[in-house]
Amino acid sequence: MEGEIRVSGTVAESIVDGPGFRYTLFTQGCPHHCPGCHNPQTHDFSGGTMIGVATLLADIIKNKFVKGVTFSGGEPFCQPEPLYQLAVELKKTGRHLMAYTGYTFEQLLELPDPYVIKLLGQLDLLVDGPYLEVERNIELRFRGSANQRVLDVPQSLAEQAAVWAEQYR
């Protein structure tokens with residue numbers, strides 16, 4: 001694993017960034033600049049720190065209680081190749097994987113980088129869509145605004161259409 005990921009930060013133990021006890025990786029760099037964004041410090045593509053995929057993997061798997069990993073941001077799909085490399089290794093350990101993106105699932109399918117689809121293929125859940133302040137709702141599970149969807153990624157890829165993870169609707 002030679003790749004590096006530009007990282008804004010990590011949370012080694014989270015219960016708010018997806019189901020169960022998780023590790024959250026905040027990528028650095030985001031083209032969306034959603035007004036009211038929860039993580040505006042992650043927008044600058046030249047900020048953060050470059051961290052090797054192998055280093056991140058070792059940090060994640062050292063805690064045996066962590067059953068899932070969330071890729072957040074910034075925009076994870078701006079770094080799909082190294083995140084795919086990390087995701088493949090995490091799947092080998094049986095971890096549940098999810099990501100947040102300001103893109104819709106449909107937009108991701110149209111991005112030209114082949115690693116976008118490869119990364120999607122490793123995910124269990126995807127929270128898609130930009131954060132919209134006018135649709136803010138703090139009662140929603142794992143999302144900030146009502147326009148965002150929590151998708152069952154394997155089912156969505158199989159159908160080539162967004163499929164809700166019904167337990168989060």
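Which order do the peptides 111-120, 15-24 come out in when sorted by mean C-beta neighbours inside 10 angstrom, highest first?
Ranked from most to least packed, the peptides come out as 15-24, 111-120.
What is the percent of Cα-Cα separations in the chain that go past 26 Å?
Looking at the chain, the distances longer than 26 Å represent 20 percent of pairs.
Compute the length gained on full extension between GLU159 and MET50: take 0.36 nm times their separation in residues and subtract their Cα-Cα distance, giving the result in nm to one decimal.
Result: 35.7 nm gained on full extension.
Going by C-beta contacts inside 10 Å, put SER14, SER46, SER156 in order with the fewest on the left.
Fewest-to-most Cβ neighbours within 10 Å comes out as SER46, SER14, SER156.
Taking segment 96-151, which GluC sites (Glu not before Pro) meet the DSSP loop condition and have no more than 15 other C-beta atoms within 10 Å?
Counting only loop positions with at most 15 other Cβ atoms within 10 Å, the GluC sites (Glu not before Pro) in segment 96-151 are GLU139.
Take the alpha-carbon centre of segment 61-112, take the same for segment 1-39, and report the distance between them in whole Å.
9
Taking H placed 1.01 Å from N in the peptide plane, check which residues at least 5 places from SER145 or on another chain put their amide H under 5 Å from its amide H.
LEU132, ASN137
For the chain, what is the calculated [θ] at 222 nm in deg cm²/dmol (nearest 500), taking -39500 (n - 2.57) for each run of four or more DSSP H residues and dividing by its residue count?
Mean residue ellipticity, 222 nm, calculated: -7000 deg cm²/dmol.
Where a number appears in this text, it was derived from the coordinates with a stated rule and is not lab data. The structure displayed is predicted, hence computed values, not measured ones. Note: ideal-geometry Cβ built from the backbone for every residue, glycine included; neighbour counts use all protein chains shown.
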